[in-house]
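Student: Below is one structure. I have some questions about it.
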Amino acid sequence: QVQLVESGGGLVQAGGSLRLSCAASGGTFSRYTMAWFRQAPGKEREFVAGIFRGGPNTYYEDSVKGRFTISKDNAKNTVYLQMTSLKPEDTAVYSCAASSTIILSSLRSFSMYDYWGQGTQVTVSA
C-alpha cells in the first residue's frame, strides 16, 4: 500500500554534506512513524534517525547527533535526512522505513517497520 523511494545518495569527501530524500505514496503520511536506517558491509543494520508518529519528536543514533537532521514536508509526502560533517564511517546503504503502528520503545528495531524503500548508497572518502 505504501511505497517509499529514496534518492540523494552519492560520493562525497569527508567533511562534506548530502541530503537524502524519501518520497512516500499511499497511506496517511502525516501520521506515520518515519525512520532512516543504514547498513555498511559486514555490519548490522543500524537505526540512524526517526520521527515518531508524525512528530514533532525526533530521535537519533548517538554517533550522528549534531551532524544529521531528520525532517519532513507533509505537503510533499517526503522525509529528508540532512547529513553534514560526513565521516568515512558514515559510508553505508541508507534506507527509509515507515510504520503506522510502531511504539516508541521499538523505534530502533528494523523488524517492526512495515514498509521500506530500496536504499541509496552513501560513500564518504577520507
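All of the numbers you see were taken from the coordinates with simple rules; none came from a lab. None of these values were measured; they are calculated from a predicted model. Positions of Cβ are backbone-derived with ideal geometry, glycine not excepted, and every protein chain shown enters the neighbour counts.
Student: Any idea how many residues of segment 112-126 are assigned to a loop (DSSP other than H, G, I, E, B) and on the phi < 0 side of the Ramachandran plot? Please lay out each step first, then the result.
Tutor: From segment 112-126, those assigned to a loop (DSSP other than H, G, I, E, B) are 113-114, 117-119, 126; that's our starting set.
Adding the requirement that they be on the phi < 0 side of the Ramachandran plot leaves 113-114, 117-118, 126.
Within segment 112-126, residues that are assigned to a loop (DSSP other than H, G, I, E, B) and on the phi < 0 side of the Ramachandran plot number 5.
Student: Which residue, of Y80, Y59, Y32, is aromatic (F, W, Y), in contact with a strand residue (DSSP E or B) (Cβ under 9 Å, 6 or more places away or on another chain) and closer than 18 Å to G119 by Cα?
Tutor: Working: Y59 fails: closer than 18 Å to G119 by Cα; Y32 fails: closer than 18 Å to G119 by Cα.
Of Y80, Y59, Y32, the one residue that is aromatic (F, W, Y), in contact with a strand residue (DSSP E or B) (Cβ under 9 Å, 6 or more places away or on another chain) and closer than 18 Å to G119 by Cα is Y80.
Student: Looking at segment 5-20, can you tell me whether even one residue there is of a type in the set (V, I, T) and closer than 26 Å to T123 by Cα? Steps first, please.
Tutor: Going through segment 5-20, the residues of a type in the set (V, I, T) turn out to be 5, 12.
Still in the running and closer than 26 Å to T123 by Cα: 5, 12.
Checked against the condition, which is being of a type in the set (V, I, T) and closer than 26 Å to T123 by Cα, segment 5-20 yields at least one hit.
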